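Notes follow the structure.
Throughout, read-outs are computed from the coordinates displayed, never taken from laboratory work. Not measured: the values here are computed from a predicted model. Glycine also receives a Cβ, built like all others from the backbone with ideal geometry; neighbour counts cover every protein chain displayed.
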Amino acid sequence: MVAVELVKRYPGFTLDVRWRAETSVVGLFGPSGAGKTLTLQCLAGLIRPDAGRIVVGERVFFDAAAGIDLPPQQRRIGYVFQGYALFPHLTVEENIGFGLSDRSRGERARRSAEVIERLGLGGFERRYPRELSGGQRQRVALGRALAIDPALLLLDEPLSALDAPLRRTLRDELRETLTGWSTPAVVVTHDFTEAYRLADRIVVYESGRVIQSAPRAELLWQPASETVARIMSLKNVLRGTVVKATPDRIQISWRGQTLEAVNSPTRSYLPPPMSPIAFFIRPEYVRLIRKDRGAPDPQHHMNLLSGRLVSEADFGTVWTLRLRLDAPGEPAQGAFDLEVEVPHLVYEILEIERDRHWQLSIHRGSIHVLPA
Amino acid sequence: MDLFPVWLSLRVALTATALTLLIGIPVALLLARRRFPGRNVLEAAVVLPLVLPPTVLGYYLLLVIGNRGPVGRALAALGVELAFTWGAAVLAACVGSIALVIKSAQAGFESVDRQLEQAARTLGRSEWSVFWSVTLPLAWRSVLAGGVLAFCRALGEFGITLMVAGNIPGRTQTLPLAIYDRVQAAQMDEANALALIAVAAVVVLLFGLSRLARLRY
């Protein structure tokens, strides 16, 4: 269990966060400068908060009211720094054994060997950090932190020092290591995919505050607000006005059309008519209606719209299409209204390259309202 | 030829270098790592001996350690006389050269990534251990360079030494003072020999330093 309550004031920036997690891996997710790294530094005892309380497991690391502030040496925290901060003058073996100086020589050698073996660093014991690849450095940094058998592992942007193809491989490797060692961990990242892959619970940071803390699946499907949706860089985050809201359904007026969305039963949201409302539509859930199957059936095709392709982009396996609705008025997102994603195969079968005008339908379950 | 000035200078310079390292390293660490009131004053005070005329420095030093000065009287009460002894020459060399150790070591310590020190702390190491196992091993070249420069400066110290230790042959006459004396007495052969010894000592040292600098850590 990790419970964090922190206030730290700087000129022009205040960190004021509160979150707790029972799960094994927590992701701190948000834009740069939101206070994620600062939170890690407070957890590790490298920066002293102005107020608050930090509890990890059964131990109180910090409690401003009770005057408790354990020094970093006594917290037993494994900190994997951004860029790893490996000791350049020490070998892999010496780096990994660095936190074991209070153990006997034999015990130190045994533990280092065990960590080196488990992380697949055998054969590199005598190498220096500068002689290692990015992935090996990451493993050494992890090994150095895990060797002390930490109460909590902190990872600051663990993949940012790597280039894109390696990032994906190492993300999965890191996930396996985290599960394999079953050490509770806090991972900082500004990449949502990374947060989603690595963490069980995700805490969303923005300008020094927590704007949502939820299990990862819940965050994915129910962002708490428009801000969260934008930080997650969700596509088609749109604004309309409420026509009518019931516990099951919400009708939204948008771009001269009336859309019907499901009102989540777990989070019934009943804004009064005419109030502004934000919602988002996942681009892969918008359906293009085939012209060779007769006229669309309103029973089957809900939220019917029609529009023209204004631009498209090929991402290899999928195409991203940008459509402007036929309805008069300014498009909702600059030059277009909706972004739609179709698999490459569908793009070819429907001959989208040739045919630029389409009817669309969006299932009411695919329109997600965002509470204000 | 009387080689006493050579041995005296070596002894003075070695002692002074050891003392400047002992005092200079903590001061350099303090300046590199801590923000505290009066830090700017300390930084200025450190460079002062480099820019003040040596005779001025020597004059003030003499006022402090002479038999009427506060330190001089305190030492006299303990039966120790500092002014016009080889100890005073060591003090003169220290004052003249400590800025070189501090400035060089400070630059070295500042170039060590603080994150490495923080990593060491999270791994359970005390401040003392962080210094010996991380900071110093990563900055030792700058510290050593400062030490070598300080040694060379101490070897050549003239003005301050003359003021506080005098120029007593066989007691406080160091190599630079001896060279000056020989020239005054028109004994050019001896002046030549002594000057060559000084040049050789410094060249050997600097050469050794440049070799060491090629080592990584």
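Summary table
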quantity: Relative contact order (%) - criterion: Cα under 8 Å, at least six apart; region: chain A; calculated: 16
quantity: Candidates A:D297, A:D63, A:D163, ranked by Gaussian network fluctuation over chain A, Cα under 10 Å, top entry; calculated: A:D297
quantity: Inter-centroid distance (Cα atoms) of region B:191-216 relative to region A:295-370, Å; calculated: 79
quantity: Region A:220-372: relative contact order in percent, alpha carbon pairs under 8 Å with at least 6 residues between; calculated: 30
quantity: Distance (nanometres) between label positions extended 7 Å along Cα→Cβ at B:R33 and A:V262; calculated: 5.9
quantity: Cα long-axis angle, helix B:54-65 against chain B (0 to 90 degrees, to the nearest 10); calculated: 90
quantity: Principal axis dimensions, region A:275-372 - Cα atoms, whole angstrom, descending; calculated: 41, 31, 27
quantity: Nearest-ten-degree value, helix B:39-51 long axis tilted from longest Cα axis of chain B; calculated: 30
quantity: 5 angstrom amide H check on A:A185, placed H, neighbours 5+ away; calculated: A:V25, A:V26, A:L153
quantity: Eligible lysines near A:K8 by straight Cα distance, threshold 18 Å, same-chain separation 8 or greater; calculated: A:K36
quantity: Region A:48-192 - percent relative contact order, Cα under 8 Å, separation 6 or more; calculated: 28
quantity: Selection from A:G294, A:Q257, A:I281, by position along the positive dipole direction of region A:236-354 (Cβ); calculated: A:Q257
quantity: Spatial separation of Cα centroids for region A:125-184 and region A:224-254, in angstrom; calculated: 39
quantity: Interatomic Cα distance distribution for the protein assembly as shown, bins of 20 angstrom, percent; calculated: 16, 32, 26, 16, 8, 2, 0
quantity: Translational diffusion coefficient (Stokes-Einstein; Kirkwood radius from C-alpha pairs) of region A:8-138 at 20 °C, 1.002 mPa s, in µm²/s; calculated: 124
